[in-house]
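Single-structure report; data block below.
The values are calculated or read from the model by the stated rules, or taken from the named source; none is laboratory data. What you see is a predicted model; the values in this text were computed from it and never measured. FYI the Cβ positions are ideal-geometry reconstructions off the backbone, even for glycines, and counts take in every protein chain you see.
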Amino acid sequence: MKEILFALITGFIVGVVFAVMKLPIPAPPAAAGVVGIAGIYFGFKFVSWVGPMISEVMK
């Protein structure tokens, strides 16, 4: 939970800095980009979950 809070605070600070400096936001501009990032995360977690099962079957 502490990591999530730190990530949120850091992201907020970066967002404020970019807005003050009038730079484009350092994040996907649309919901599709956010969903793509979530897909990358869940794909990684899926392989972490399924990988050991496949290793056991291949023995």
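Worth a mention:
- For Ile9, the test of being touching a Gly at 6+ places or on another chain (Cβ under 8 Å) and of a type outside the set (Gly, Ala, Ser) is failed.
- Test result for Leu8, modelled with pLDDT of 85 or more and assigned to a helix (DSSP H, G or I): yes
- Residues that are modelled with pLDDT of 90 or more and not in a helix (DSSP H, G or I) within the stretch 13-59 comprise Met21, Lys22, Leu23, listed in sequence order.
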